[in-house]
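Visitor: My questions will all concern the structure given below.
The values are calculated or read from the model by the stated rules, or taken from the named source; none is laboratory data. Bear in mind the structure is a predicted one, so any value in this text is a computation, not a measurement. Virtual Cβ from ideal backbone geometry, glycine too; neighbours counted across all protein chains shown.
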Amino acid sequence: MNHKTTEYVMKAVCAGAIVLSLAGCGNSREKASGTKTAGSPRTDPTFSVLTREIQKTSGSSATLAAVRKSGLLKVSFSCSRPPLCYQNKLGVPRGFEVDLLRQIASAFGVKLNIVAPGEPAPIEGPAAANSGVPGGDLIPYYYSESTGWLALKVNGDDEFHRGVALVIRHLYETGTFQQLFLMRMGVGEGTAGAESELE
């Protein structure tokens, strides 16, 4: 791993630590077994645990109910910072932030729909969270010297906010957050990762 990659990984770890403080401690099953399983929602057996946790934490959320009824998690997001977020040659949003948002949508059982910045949506981003301290409707997820802390701005009720924080915490605890981060950021800043531009 080169110096730049190590720096990015450390920044992701710091962001993950803040997310963990937002959403509480790890689940007891994981602690008891001492193992962590990473993967996508379709292949990750811990996602069934996550689904139950979301139901417990956010089951009464009117915002989540509306998202599930529509079948789409609408996110108002600026995609002009490769490799965090950019548009490929076909104009399709790609990057680490898109992957992160797609994981959140999948955990809620819906598809991701990124819309233009400023459009009303349950999640907006990126928002500046310069202190890096969680507060209000912001969930920090990334830090660099050039950007400062970036956060998701979660609109809607408190239960929905807790659900989003829970999903990010789960992704971090299972190693999925780090895998997504390294896949996009591990090849150096300003690049699109190993994917085809037409994907």
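Visitor: What do you reckon, is A32 farther than 23 Å from V154 by Cα, touching a Ser or Thr at 6+ places or on another chain (Cβ under 6 Å), aliphatic (A, V, I, L, M) and at pLDDT below 95?
Guide: no
Visitor: What helices (runs of 4 or more DSSP H) completely inside the range 44-155 contain at least 3 residues that are closer than 15 Å to I168 by Cβ?
Guide: 46-58, 96-107
Visitor: Then there is this: Pick from V115, V98: which is surrounded by fewer than 17 Cβ atoms within 10 Å (Cβ to Cβ), under 10 Å from F77 (Cβ atoms) and within 17 Å of the chain's Cα centre (by Cα)?
Guide: Sole residue among the options that is surrounded by fewer than 17 Cβ atoms within 10 Å (Cβ to Cβ), under 10 Å from F77 (Cβ atoms) and within 17 Å of the chain's Cα centre (by Cα): V115.
Visitor: Could you say which residue among E124, E119, E97 is farther than 24 Å from T57 by Cβ, modelled with pLDDT of 90 or more and touching a strand residue (DSSP E or B) at 6+ places or on another chain (Cβ under 8 Å)?
Guide: Just a single option satisfies the conditions, and that option is E119.
Visitor: Then there is this: Which condition does S48 not pass, out of (1) at pLDDT below 95; (2) surrounded by 18 or more Cβ atoms within 10 Å (Cβ to Cβ); (3) of a type in the set (S, T, Y), if it passes all the others?
Guide: (2)
Visitor: Moving on to the next point. I'd like to check something: does the range 59-70 contain any residue that is buried (at least 22 other Cβ atoms within 10 Å of the Cβ) and touching a strand residue (DSSP E or B) at 6+ places or on another chain (Cβ under 6 Å)?
Guide: Yes: one or more hits.
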